[in-house]
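Structure first, then comments.
The values are calculated or read from the model by the stated rules, or taken from the named source; none is laboratory data. These numbers were taken from a predicted model, which means no experiment stands behind them. All Cβ positions, even for glycine, are placed from backbone atoms using ideal geometry, and neighbour counts span all protein chains on display. With ligands, DNA and RNA removed, areas are computed over all heavy atoms of the protein, side chains included. Shrake-Rupley method; radii C 1.70, N 1.55, O 1.52, S 1.80 Å.
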Amino acid sequence: PPMPFVVAAVVPTFNRADILGETLATILNQTHRPAEVVVVDDGAPTDATELLVKKLGPPVKYVRVPNGGPSAARNAGVAASSAEWVAFCDDDDLWTPDYLARASTLVAAAPD
């Protein structure tokens with residue numbers, strides 16, 4: 001049987017709490033749910049990102065890093081994740097409900 005597709009969603013964000021909730025909803029409503037969702041606050045000076053993420057609770061976790069740009073935030077998200085696979089989702093992107101299920105099919109077809 002194929003190995004299970006254990007994936008973390010990593011979401012770098014900066015001052016986008018106003019739209020982040022919708023992005024996280026599309027991640028959490030996947031037909032193949034992520035094992036964890038790591039939201040990396042890239043040092044935003046003022047917004048409600050931390051409050052929003054902490055209200056959601058597990059499997060969503062909040063990581064705050066000094067402002068270093070999207071690449072540094074993505075790297076911090078990977079470092080904070082324990083999943084075998086990582087799927088990046090920008091804070092203004094919306095996933096279709098089958099996004100991770102389709103990725104799982106691709107991984108099963110070509111696990112190497």
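T105 falls short on exactly one of the conditions (1) β-branched (V, I, T); (2) within 14 Å of the chain's Cα centre (by Cα); (3) open to solvent by 60 Å² or more (accessible area, probe 1.4 Å), and that condition is (2).
Of the residues making up segment 81-96, those that are in a loop (DSSP other than H, G, I, E, B) and open to solvent by 80 Å² or more (accessible area, probe 1.4 Å) number 4. From the list T23, T46, the one residue that fits, being in a loop (DSSP other than H, G, I, E, B) and either free of Cβ contacts under 8 Å to residues at least 24 places away in the same chain or of a type in the set (S, T, N, Q) (or both), is T46. Scanning segment 73-107 for residues that are in contact with an Asp or Glu (Cβ under 7 Å, 6 or more places away or on another chain) and under 20 Å from A17 (Cβ atoms) yields A73, L94. Would you check if there is a residue in segment 22-36 being of a type in the set (D, E, K, R) and open to solvent by less than 60 Å² (accessible area, probe 1.4 Å)? Checking segment 22-36: at least one residue is of a type in the set (D, E, K, R) and open to solvent by less than 60 Å² (accessible area, probe 1.4 Å). Only one entry in V60, V53, V78, V40 is open to solvent by less than 80 Å² (accessible area, probe 1.4 Å), closer than 10 Å to A8 by Cβ and among the β-branched types (V, I, T), namely V78.
Within segment 97-112, the set of residues being over 11 Å from H32 (Cα atoms) and either free of Cβ contacts under 8 Å to residues at least 40 places away in the same chain or aromatic (F, W, Y) (or both) comprises L106, A109, A110, D112.
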